[in-house]
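These notes concern the structure reproduced below.
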Amino acid sequence: MREIVEIRWHGRGGQGAKTAALLLADAAFNTGKFVQGFPEYGPERMGAPITAYNRISNEKITVHSNIYYPDYVVVVDESLIDAVDVTGGLKEGGAIIINSTRKPAEIRKELKGYSGRVCTLDARKISEEELGSNFPNTPMLGAVVKVSGVVDADEFLKDMEGSFKNKFATKPQVIEGNMKALERSMEEVVIE
Amino acid sequence: MGIRERLSGNEAIAIAFKQINPDVMGAFPITPSTEIPQYFSQYVANGEVDTEFIAVESEHSAMSTCIGASAAGARAVTATSSAGLALMWELLSVAASARLPITLACVNRALTGPININCDHSDSMGARDTGWIQLYSENNQEAYDNMLQAMRIGENSKVMLPVMVCQDGFITSHAIENIELLETEKVKDFVGEYRPENYLLKKENPVSVGAYATAAYYIEAKRAQAQAMINAKEVILEVAAEFEKVTGRKYGFFEEYMMEDAEEAIVVIGSTAGTAKEAVRIMREEGKKVGLIKIRVLRPFPMKELAAALSHVKSVAVMDKAESFSACGGPLFAEVRSALYDCKTRPLMINYIYGLGGRDVTVENIQYAFESLKEIKTSGEAGETYRYLGVRE
C-alpha cells in the first residue's frame, strides 16, 4: 500500500475549518508533497457542523472519495463531540486533536473508547492572546502539524511565515501574531 | 517543465481561460461553476485579459451571448452547471447547428429534483445529443488540459462545433490538488488565434446564420453536422498528439488502466475513475485481473475503439452517474453495450447507476462492483443487468 496520510476536520460553519484544511494542503504542497484539500459540501450555514479533509502523500493521489478511516481527526469546536461521531473510523495508531481548555484524560471519557492518542489545545486562548480575537484555525493547524509530523516543523514554520508575509502584505503587524500563535500551539498542545 | 501549482478544478479552468484570453465570456452564476466567471471577472477587472465579459440575467442569455459573439467571428466561452445547462437547452442545439465553436466549462451537478447541489452527470448526459463535443475530466489537471485542447478541436475547419469540457462538481471543482500548468506563452502558441473562414462581420463574404430550412434542406444540414462530428474523431487525436509533444501528457478517446490482461473491467467517467484506479491497484496486488476504462470523449462516441478495448474481457460493469429512466439502464450502458454488438466474442455486461446527487463513491464500492463481476464471470450469467451501487432499498 502506498503511504497516504488522511486527516478529517470537524468544525462549525464560519470557524475556518475548511480554510485550515486548505492551509495545511498549501503547507504540505510547499514542502514538495502531493496534496488534496476539500470540504464536504451541503447546505451549510454559519454554526452548522462541517467536515473538511486532507490527503497528503509523496506520490500522486487518485482517490476522490471522502475519508472514512482517517489517521488524524481535528475538532475545531469541542461542542461537536456530542453532535458528531468525531472518532468514527479513526485509526488507533493515529490521534484526535481537540480545541479545548480541558486535559486529554478528561475528554477521552467522551470519545467512545478511542484508545489512540488524544490531544488538546486551548486554541481560543492562544488566538485571543496573539491575534486579538477567536480564530481557532491557525493554532489548530500548528497542533496538527506537530502531532502528525506530516510536514517538517521547521519547514512548516518557514513556509507559513512566507505565506503570511504574502497574505498580510498590507498588515505586517499581524504576521508576528500569527507566527506566535503557530509556535505556541506546537509547544502547548497536550498529547496523551 | 511546466509550472507546479495546487489549484481547485474551478481555478484551473479560470486560469486556462486567462491564458487563452478569449474574446467574449457570457456567463451567469450557478453552483458549483460560479467560481469560474467569478475568478475570470477579476482577471477582466485587473486588465489581465482583454475579454469582453458580459454579465447576463440567465443562462439562456449567456448562451445567446456566446452564439451572437461566435457568429460575429469571436472566440466565446461560458461556464455553467445543472439547471443552468438545462436553461441553455434550446440554445445548445442552436450553437451546434449554426456550427459555432463555443467552449463551455460544465461543472457537473445533479438536475432537480429533489433539489441538490452536488455532483452527478444528469446535466451533461442530457445534453449529449445536442451536437456538442463532450470531453470529461478525472481531476483538475485533466479539466485544464481538456480546456486547452477544446478550442483546437472545435475551431478546426473540418469540425466547427461547440465543445463542452466537463468535470465533477465539488469533487474536483472545489478540491485543491497538485497540477502542472503550461507557461502562458506555450498555451497561446498551442491554442492559437481563432480565424474562422466565414462570419457575420466579414463584409467581403456576407453569410446568414440561423436561417430557416424547409424539408428540402433540413436533412442535408443535419447530415453535414453529423459529418462534422465524425470528422472530430480524427481531429481530437491530432490535437492530443500535439498536446503530448508540448506537455508529455497523453490523451485519447479513453484511458485504459491495467487493461492488457484484464478479465473483469469497469467503464467509468470522471472523478470516480481515480477512486477506481486505487481499487484496481489494491486488487491487482491481490493477484486479481481487473482493469478499467475511463471515457474522456463521449461525443463523438468512440464505438469501434471501445469495442476493441473491451472484446477480450470476460465481464464488464458500465458505470452511469446519471439515470436515463429507460427502465433498463443508464445512458453510457446503452452505448457501450451497443458498441460491442458487432464483436464475435463479447463480455457479459452489467450496468451500475451510482453516485447520484453527490452520493460518495468509495474504493470499497468499486471493489464490490468488481466482486460482482467475478461472480458473473464464474457463473457465466449476467443476471439482472440494471443495478444500483450503494443504494438503500
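Here, each number is a calculation from the coordinates, and none is a lab measurement. What you see is a predicted model, and the numbers here were worked out from it, not measured in a lab. Positions of Cβ are generated from backbone atoms using ideal geometry, with glycine treated the same way; all protein chains shown enter the neighbour counts.
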* Taking R0 as 51 Å, what's the FRET efficiency between A:S79 and B:E204 from their Cβ-Cβ distance, rounded to 0.05? -> 0.10
* Structure fact -> Low-density loop chymotrypsin sites (Phe, Trp or Tyr not before Pro), the stretch B:216-296, at most 13 other Cβ within 10 Å, DSSP non-H/G/I/E/B, are B:Y217
* To do: Give me the distance in nm between label points sitting 7 Å out from Cα along the Cα-to-Cβ direction at B:D50 and B:A221, one decimal.
  => 3.5 nm
* Please sort by residue number the trypsin sites (Lys or Arg not before Pro) in the stretch B:334-379 whose DSSP state is loop and whose Cβ has at most 14 other Cβ atoms within 10 Å. => B:K344
* Asked: Under the definition of partner shielding as Cβ atoms of other protein chains within 10 Å of a residue Cβ, what is the mean value for peptide B:164-177?
  -> 4
* Structure fact -> With label points set 7 Å from each Cα along the Cα-to-Cβ direction at A:D152 and B:E185, the distance between them in nm comes to 3.4 nm
* Structure fact -> Summing +1 per Lys or Arg and -1 per Asp or Glu among the other residues with Cβ less than 13 Å from A:S65's Cβ gives -2
* To do: Go through A:K171/B:K186; A:K103/A:K180; A:K33/A:K91; B:K18/B:K250; A:K60/B:K288; A:K33/A:K109 and tell me which ones have a Cα-Cα distance over 25 Å in this structure.
  => A:K171/B:K186; A:K33/A:K109
* To do: Could you work out the local net charge near B:L356, counting Lys and Arg as +1, Asp and Glu as -1, over the other residues with Cβ closer than 14 Å to its Cβ?
  => -1
* To do: Would you calculate, for chain B, the mean residue ellipticity at 222 nm contributed by helices, counting each DSSP H stretch of 4 or more residues as -39,500 (n - 2.57) and dividing by all residues, to the nearest 500?
  => -12500 deg cm²/dmol
* Structure fact -> Answer in debye to the nearest 20: the dipole magnitude of chain B about its Cα centre, from +1 Lys/Arg and -1 Asp/Glu charges placed on Cβ, is 760 debye
* Asked: Dipole size in debye (nearest 20) for chain A around its Cα centre, Lys and Arg Cβ +1, Asp and Glu Cβ -1?
  -> 300 debye
* Asked: What are the residues whose amide H is under 5 Å from the amide H of B:A79, where those residues sit 5 or more places off or on another chain and H is modelled from the backbone?
  -> B:F28, B:A105
* When Rg is the radius of gyration of the Cα atoms in the protein assembly as shown and Rh is its Kirkwood radius, what does Rg/Rh come to? -> 1.00
* What order do you get for B:S81, A:S57 when you list them from fewest to most C-beta neighbours inside 10 Å? -> A:S57, B:S81
* Structure fact -> For the stretch B:83-161 the trypsin sites (Lys or Arg not before Pro) that pass both the DSSP coil test and the at-most-15 other-Cβ-within-10 Å test are B:K158
* Asked: ³J(HN,Hα) across the stretch A:131-137 via Karplus (A = 6.51, B = -1.76, C = 1.60, θ = phi - 60°), whole Hz, x for Gly/Pro?
  -> 10, x, 7, 8, 10, x, 5
* **Cut-off 14 Å between beta-carbons: net charge of the residues surrounding B:I171, Lys and Arg +1, Asp and Glu -1** => -3
* Charges only on Cβ, +1 for Lys and Arg, -1 for Asp and Glu: so what's the dipole of the stretch B:250-393 about the Cα centre, in debye to the nearest 20? -> 320 debye
* Asked: Mean residue ellipticity at 222 nm from the helices of chain A, using -39,500 (n - 2.57) per DSSP H segment of n ≥ 4 over the full residue count, to the nearest 500 deg cm²/dmol?
  -> -11500 deg cm²/dmol
* Antiparallel DSSP beta bridges within the stretch A:4-191, as percent of all bridges there, nearest 5 -> 55 percent
